[in-house]
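Enquirer: Got a structure for you, written out below as structure tokens; questions coming shortly.
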Amino acid sequence: MASTRGSLARADSLRRTERPSVVEDPRIALNRILAYDGAVRTSLLEQLIKELEQGAETSPDSHASIIQSYAPSLFRLSLECPYSDVRRVCQDFVDWVKQSPISQNIDLPQDIGPSMFFPKTATVPVEAEGATRQLFEDIFATLSRIPHFQWLMAWYPDYLRRFIVVDNFIMRQQGPLPIPWRHYLAIMAAARHDCYYLVSLQEQEFLANGGSPIWLLGLDYAPPKLRNIAQLNALLCHTPWLITRNHVENLVKGADAWSMGELVHALVLLSTFHSLCGFIYGMGVTPELDLAFDAPTNTESESSAAARTTDPLTQTSDSSSKTSSSTSLSALDTAPSDQDATAGMLQRLKNGASELISAQEDDKAQVFEKAGSEVGALDVMGTLSQCADLSRFTGDASLRYVDFNVKSAEYSIFRVQDYCWEDHGYELVNQFYQGAAQLLDDEFTYIYNMTDQTFGENRGIDTLPFRRAVWYYVHRLYGMSHDDYDYREVNVFLPREVKAFTKKIACTPEFISQTDFHNLILKLRPEEKCHIILLSWEAKRQAELLYGLHAVMKHMS
């Protein structure tokens with residue numbers, strides 16, 4: 001697998017002949033240890049922990065800060081490492097901290113699992129066996145952690161495998177852009193949606209791959225070439241239909257010009273990380289235990305943003321969004337209205353919806369407009385609290401999502417029959433970034449067709465009409481029209497609550513609340529809601545990518 005090659009390269013770069021020391025940065029020391037295999041890894045980890053414990057016993061005051069710097073990472077490893085030997089050694093350390101007199105000076109993070117929207121017991125265990133275990137080990141070998149968002153993707157191991165392959169290819173393997181630049185572009189992309197969690201992960205990767213710490217002070221300290229792409233980053237994220245050939249021309253000419261290969265690579269990266277924010281917020285992803293300790297105390301992180309009490313759809317107080325993640329899932333997801341809506345949906349999926357569709361208007365232009373307008377505009381301009389800690393990476397922070405206007409005189413509907421991924425986008429990516437197109441295509445195709453033939457507690461259900469409606473609804477939000485799809489199906493198969501949730505995932509994920517996740521009016525398991533979110537973020541990624549690639553094609557023609 002591609003991830004194995006990436007992990008071997010990482011191991012070679014991290015290993016040293018000398019033993020890691022507690023005076024090193026904890027993440028550097030631990031990453032060097034975790035790059036080894038088996039008994040060597042365990043032995044080095046035990047020696048490091050022994051040094052920590054001995055130092056605390058001989059000089060408790062001076063070593064308290066050192067213990068505190070290591071405690072969150074070792075606590076994380078005791079719970080979230082796929083290797084049982086590492087979990088055991090780190091759990092022994094955590095037990096020692098709790099029993100030691102030094103414990104009064106040490107803060108350990110609270111473990112609530114990878115999501116704040118549902119209990120940890122609902123997720124795939126980190127000690128899973130079989131193919132999922134191998135995936136977890138591959139992820140850990142590359143990153144020295146299992147990011148919580150990838151942990152949640154493990155409900156669908158065949159999808160996760162494809163995601164890992166694409167992620168390793170575009171972020172770590174040979175390509176037009178230097179590796180530190182890839183992580184910096186990911187930071188810029190995630191910052192557009194105030195996604196502190198993704199920014200934090202990418203900052204670590206940026207530094208680990210030789211990136212300059214000065215750049216992390218903000219765009220003003222980055223090379224002009226990166227600053228120049230900030231406007232494209234903003235447009236691609238929020239209003240990609242406004243991108244023109246002029247934006248491309250401005251980037252590929254001049255002293256700090258981007259090559260076509262670099263620009264295509266950047267478009268892949270930016271569209272990926274913009275859209276991935278939808279999965280992070282949509283699933284209520286919590287930072288890993290050590291990252292939670294790094295979160296800024298004076299700004300909002302994902303945990304607080306995901307539980308916002310102001311819903312931009314209604315601008316009303318939403319006190320139920322403060323519900324604890326330990327609240328019973330059945331109490332949140334099985335109201336009588338949910339039962340009725342689910343029964344109605346099952347009837348439509350089993351028997352088809354031709355009668356409901358035939359009773360609607362059949363003017364294609366009106367149907368297309370109506371498919372994306374019933375939820376209403378997301379009026380977020382005055383309510384979004386821009387995270388001051390991330391605004392340094394965004395450039396123009398005032399540019400935000402606005403609804404696509406099908407009647408606009410400034411831009412027009414993007415007709416997919418004239419420029420689609422399969423016939424046009426694929427070829428352009430393959431021309432300038434060889435190898436990426438096939439991997440992306442495999443991921444797009446798989447998620448579009450992925451199904452376990454279940455809907456709630458009902459098996460043997462063909463969910464294609466529902467899944468297809470989610471995909472095409474996201475494209476409709478971005479002004480993309482598929483001539484071969486009947487958009488009347490959107491309003492037949494997607495209840496208003498599902499449309500509102502999907503719209504937030506695709507357009508303003510930073511406003512998703514726990515209430516949004518639970519109040520979908522359909523009785524669905526958490527993993528089925530994860531499936532909806534996966535469809536939504538992948539559809540958005542493809543939409544953004546098509547707009548960017550279409551502008552590149554226009555520039556070339």
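The values are calculated or read from the model by the stated rules, or taken from the named source; none is laboratory data. The model shown is predicted, which means the values in this text are computed figures rather than measured ones. Ideal geometry is used to build each Cβ from the backbone, glycine not excepted, and the neighbour counts take in all protein chains shown. These accessible areas exclude ligands, DNA and RNA; they are computed on the full protein's heavy atoms, side chains included. Shrake-Rupley method; radii C 1.70, N 1.55, O 1.52, S 1.80 Å.
Enquirer: Order of 231-238, 408-415, 257-264, 269-276 by packing, highest average Cβ count within 10 Å first? Let's see the in-between values first.
Expert: Working: 231-238: 22.1, 408-415: 12.4, 257-264: 19.5, 269-276: 25.4.
Result, highest mean Cβ count within 10 Å first: 269-276, 231-238, 257-264, 408-415.
Enquirer: While we're here: Which distance in Å, rounded to a whole number, links the C-alpha centroids of the range 159-234 and the range 489-557?
Expert: Distance between centres, Cα-based: 23 Å.
Enquirer: Scan around Ser481 for amide H atoms under 5 Å from its own, H built in the peptide plane at 1.01 Å from N, and keep only partners 5 or more places away or cross-chain.
Expert: For Ser481, the qualifying residues are Phe414, Arg415, Val416.
Enquirer: Please give the length that would be gained between Arg392 and Thr121 if that part of the chain were fully extended, namely 0.36 nm times their separation in residues minus their C-alpha to C-alpha distance (nm, one decimal).
Expert: On the way: separation 271, 0.36 × 271 = 97.56 nm, distance 3.79 nm.
Value of the extension gain: 93.8 nm.
Enquirer: Pop out the ³J(HN,Hα) list for the range 455-472 in order, Karplus 6.51 cos²θ - 1.76 cosθ + 1.60 with θ = phi - 60°, rounded to Hz; leave Gly and Pro as x.
Expert: Whole-Hz 3J(HN,Hα) from phi for the range 455-472: 9, x, 9, 9, 9, x, 9, 7, 8, 3, x, 5, 4, 5, 5, 4, 4, 6.
Enquirer: Is the range 118-183 best put as rounded, prolate or oblate by its Cα gyration tensor, with a ≥ b ≥ c the root eigenvalues, rounded for a/c under 1.5, and otherwise prolate when a/b is larger than b/c, oblate when not? All intermediate terms of the calculation are to be shown ahead of the outcome.
Expert: Numbers: a/c = 2.41, a/b = 2.13, b/c = 1.13.
Prolate, because a/c is 1.5 or more and a/b exceeds b/c.
Enquirer: Heavy atoms only, probe 1.4 Å: what % of the accessible area of the range 77-213 goes to carbon and sulfur, would you let me know? Could the numbers behind the result be given before it?
Expert: Numbers: 2240 of 4550 Å².
C and S fraction of accessible area: 49 percent.
Enquirer: If you take the beta carbon distance between Lys554 and Asp363 as r and set R0 to 35 Å, what does 1/(1 + (r/R0)^6) give as a FRET efficiency, to the nearest 0.05? Could you put the intermediate results ahead of the total?
Expert: Numbers: r = 30 Å, r/R0 = 0.85.
FRET efficiency, Lys554 to Asp363: 0.70.
Enquirer: Rg (Å, one decimal) plus Dmax (Å, integer) for the alpha carbons of the range 142-288?
Expert: Spelled out, the Cα radius of gyration and Dmax of the range 142-288 are 15.3, 47 Å.
Enquirer: In addition: At 1.4 Å probe size, with the rest of the protein present, what percent of the exposed accessible area of the range 421-553 is carbon and sulfur atoms? Walk me through the numbers before you get to the answer.
Expert: Numbers: 1600 of 3770 Å².
Summing carbon and sulfur atoms, their accessible area is 42 percent of the total for the range 421-553.
Enquirer: Of all GluC sites (Glu not before Pro) in the range 61-139, which ones are in loop regions per DSSP and have a Cβ with at most 15 other Cβ atoms within 10 Å?
Expert: Here the sparse-neighbourhood loop sites are Glu127, Glu129.
Enquirer: Expected output is a single nm value to one decimal: the length gained when fully extending between Asp158 and Asp220, i.e. 0.36 nm times separation in residues minus the C-alpha distance. What is it? Before the final figure, lay out the partial values.
Expert: Numbers: separation 62, 0.36 × 62 = 22.32 nm, distance 4.10 nm.
Full-extension gain reported as 18.2 nm.
Enquirer: Rank by packing, highest mean first: peptides 42-55, 179-192, 159-172, with packing defined as the count of other Cβ atoms within 10 Å averaged across residues. Numbers along the way, then the final one.
Expert: Working: 42-55: 17.4, 179-192: 24.9, 159-172: 20.9.
Going from most to least packed, we get 179-192, 159-172, 42-55.
Enquirer: Per-residue HN-Hα couplings for the range 404-413, Karplus 6.51 cos²θ - 1.76 cosθ + 1.60 at θ = phi - 60°, whole Hz, x for Gly and Pro?
Expert: Ordered by residue, 3J(HN,Hα) equals 5, 9, 5, 9, 5, 8, 7, 8, 10, 4 Hz.
Enquirer: Another question, if that's okay. Calculate, for the range 48-198, the solvent-accessible area per residue in square angstrom, rolling a 1.4 angstrom probe over the heavy atoms of the protein chains.
Expert: 34
Enquirer: Here's something else I'd like to know. Pulled fully out, how much extra length does the chain show between Leu346 and Asn449, if you take 0.36 nm times their separation in residues and subtract their Cα-Cα distance? Let's see the in-between values first.
Expert: Values: separation 103, 0.36 × 103 = 37.08 nm, distance 1.89 nm.
This chain segment gains 35.2 nm when fully extended.
Enquirer: Using C-alpha positions alone, give me the convex hull volume of the range 401-547 per residue in cubic angstrom. Write down the numbers at each step before the final one.
Expert: Values: hull volume 19.1 nm³, N = 147.
Looking at the range 401-547, the number lands at 130 Å³ per residue.
Enquirer: Could you give the Stokes-Einstein D for the range 448-520 in µm² per second, using the C-alpha Kirkwood radius, 10 °C, 1.306 mPa s? Let's see the in-between values first.
Expert: Numbers: Rh = 13.3 Å.
The calculation lands on 120 µm²/s.
Enquirer: Also, quick follow-up: Rolling a 1.4 angstrom probe over the protein heavy atoms, how many square angstrom per residue are accessible across the range 407-482? Write out the running numbers ahead of the final one.
Expert: Numbers: 3420 Å² over 76 residues.
Computed with neighbouring chains in place, this is 45 Å² per residue.
Enquirer: Quick one: what are the phi-derived ³J(HN,Hα) couplings along the range 484-500, Karplus 6.51/-1.76/1.60 with θ = phi - 60°, whole Hz, x for glycine and proline?
Expert: Per-residue couplings from phi come out as 9, 10, 8, 5, 5, 5, 4, 7, 7, 9, 10, x, 4, 5, 5, 5, 5 Hz.
Enquirer: Taking amide H positions as placed 1.01 Å from N in the peptide plane, with prolines and chain starts having none, which residues 5 or more places from Phe455, or on another chain, fall under 5 Å of its amide H?
Expert: Counting only residues 5 or more places away or on other chains, the set is Ile461.
Enquirer: Hey, if you put +1 on the Cβ of every Lys and Arg and -1 on every Asp and Glu Cβ in the range 409-521, which of Gly456, Leu440, Gly479 ends up farthest toward the positive end of that dipole?
Expert: Of the listed residues, the answer is Gly456.
Enquirer: Quick one: what Rg and Dmax do you get for the range 82-201 from the alpha carbons, in Å?
Expert: 17.1, 53
Enquirer: Please report the orientation-averaged projected area of the range 24-103, defined via the convex hull of its C-alpha atoms, in nm².
Expert: Values: hull surface 18.7 nm².
For the range 24-103, averaging the hull's shadow over all directions gives 4.7 nm².
Enquirer: Right, another one. Starting with the highest mean, order 501-508, 428-435, 102-109 by the number of other Cβ atoms within 10 Å, averaged over the residues of each peptide. Spell out each step's value before the answer.
Expert: Numbers: 501-508: 25.8, 428-435: 18.6, 102-109: 14.4.
Per-residue mean Cβ counts within 10 Å order the peptides as 501-508, 428-435, 102-109.
Enquirer: Pop the C-beta distance of Ser59 and Lys407 into the FRET formula with R0 = 60 Å and round what comes out to the nearest 0.05.
Expert: Working: r = 72 Å, r/R0 = 1.20.
Efficiency for this residue pair is about 0.25.
Enquirer: Moving to a separate point now. May I ask you to give the solvent-accessible area per residue for the range 201-302, in square angstrom, as obtained with a 1.4 angstrom probe? Before the final figure, lay out each step's value.
Expert: On the way: 3400 Å² over 102 residues.
Result: 33 Å² per residue.
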